[in-house]
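The values are calculated or read from the model by the stated rules, or taken from the named source; none is laboratory data. What you see is a predicted model; the values in this text were computed from it and never measured. Please note: Cβ atoms are built from the backbone with ideal geometry, for glycine as well, and neighbour counts cover all protein chains shown.
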Amino acid sequence: MRLKLLAFWMLVVLAVPLAFNALSYLNFNFGYGFLRLKQKAIETGWYLPAYYSHVVFAGLILLAGLFQIRENWRAQWPKAHKSIGKFYVFGILFFAAPGGFVMGLFIERGPWVTLSFILQCAAWIICTAMAFYFAINRNWQQHRNWMWRSYSLTLAAITLRLYIFVSSWSMNLAQPEAYATIAWLSWVPNLLICEWVVWLRKNK
């Protein structure tokens, strides 16, 4: 129990600053931060709507997920859990994942990076939609399993930046192969670990 609580608060420490950084883009300065590197993409007219849909909602979704994963909070505030869960699901399905998909088309890091982000968004949509489907059908065990899969993909926002931070000391991330490795590592291991945890719970 203490290990779970420690892991949760470590996640809070990593997630909250990232979420607030994402929300800082609500200044709508198109030359701010990461956007200054994407001026050609912005000129197409497609990138900015996708960017704000993905980044702003992903930041809020990351925070929303923190309230959903604590079992005692779910039991204590079931109505809040349901409302936040709806925001989480619809935020991913209609904003964050579609926005990320469009952004993936403008990544100039090679085809393997583009493929990674597109498949990640597709998996994010599928896992979230399945979680919502099982919630509607009141299959709570499957709902929890698929929601964990969804949130493991949401957490790729954190793992991507951690890998970038660590690998930037020893790898040239300007090389497409290096960045492709980081892109795939940001979400595939998350999903595999989640599957392992789901299997362990199933076979207790």
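Against the definition (assigned to a helix (DSSP H, G or I), under 26 Å from Leu6 (Cα atoms), at pLDDT 95 or above and not β-branched (Val, Ile, Thr)), how does Met130 come out, yes or no?
Details: assigned to a helix (DSSP H, G or I): yes; under 26 Å from Leu6 (Cα atoms): no; at pLDDT 95 or above: yes; not β-branched (Val, Ile, Thr): yes.
For Met130, the condition - assigned to a helix (DSSP H, G or I), under 26 Å from Leu6 (Cα atoms), at pLDDT 95 or above and not β-branched (Val, Ile, Thr) - is not met.
Of all residues in the stretch 160-186, which are of a type in the set (S, T, N, Q) and surrounded by fewer than 18 Cβ atoms within 10 Å (Cβ to Cβ)?
From the stretch 160-186, those of a type in the set (S, T, N, Q) are 167-168, 170, 172, 175, 181, 186; that's our starting set.
Within the stretch 160-186, Ser167, Ser168, Ser170, Asn172, Gln175 qualify.
Quick check on the stretch 1-43: of everything there that is of a type in the set (Ser, Thr, Tyr) and either touching a residue at least 12 places away in the same chain (Cβ under 8 Å) or under 27 Å from Thr128 (Cβ atoms) (or both), which residue is surrounded by the fewest Cβ atoms within 10 Å (Cβ to Cβ)? Step through it out loud before you land on a result.
Of the residues in the stretch 1-43, the ones of a type in the set (Ser, Thr, Tyr) are 24-25, 32.
Then drop every residue that is not either touching a residue at least 12 places away in the same chain (Cβ under 8 Å) or under 27 Å from Thr128 (Cβ atoms) (or both), which leaves 24-25.
Numbers: Ser24: 14, Tyr25: 18.
Looking at residues that are of a type in the set (Ser, Thr, Tyr) and either touching a residue at least 12 places away in the same chain (Cβ under 8 Å) or under 27 Å from Thr128 (Cβ atoms) (or both), I get Ser24.
Can you confirm whether Pro189 is of a type outside the set (Val, Ile, Thr), modelled with pLDDT under 90 and in contact with a helix residue (DSSP H, G or I) (Cβ under 8 Å, 6 or more places away or on another chain)?
On the way: of a type outside the set (Val, Ile, Thr): yes; modelled with pLDDT under 90: no; in contact with a helix residue (DSSP H, G or I) (Cβ under 8 Å, 6 or more places away or on another chain): yes.
Against the criterion (of a type outside the set (Val, Ile, Thr), modelled with pLDDT under 90 and in contact with a helix residue (DSSP H, G or I) (Cβ under 8 Å, 6 or more places away or on another chain)), Pro189 does not qualify.
Given the options Tyr51, Tyr88, Tyr25, name the one that is within 12 Å of the chain's Cα centre (by Cα), assigned to a helix (DSSP H, G or I) and at pLDDT 85 or above. Let's see the steps before the verdict.
Details: Tyr51 fails: within 12 Å of the chain's Cα centre (by Cα); Tyr25 fails: within 12 Å of the chain's Cα centre (by Cα).
Being within 12 Å of the chain's Cα centre (by Cα), assigned to a helix (DSSP H, G or I) and at pLDDT 85 or above holds for just one of Tyr51, Tyr88, Tyr25, which is Tyr88.
Under 7 Å by Cβ, and 6 or more places apart or on different chains, what pairs join a residue from the stretch 116-128 that is more than 13 Å from Arg149 (Cα to Cα) and buried (at least 19 other Cβ atoms within 10 Å of the Cβ) with one that is of a type in the set (A, V, I, L, M, F, W, C) and at pLDDT below 95?
As it stands, the answer is Ser116/Ala180; Ser116/Ala183; Phe117/Ile107; Phe117/Ala183, since those pairs meet every condition given.
For Trp77, state whether it is of a type in the set (A, V, I, L, M, F, W, C), free of Cβ contacts under 8 Å to residues at least 40 places away in the same chain and surrounded by 20 or more Cβ atoms within 10 Å (Cβ to Cβ).
Working: of a type in the set (A, V, I, L, M, F, W, C): yes; free of Cβ contacts under 8 Å to residues at least 40 places away in the same chain: yes; surrounded by 20 or more Cβ atoms within 10 Å (Cβ to Cβ): no.
No; evaluated as a whole, the condition is false for this residue.
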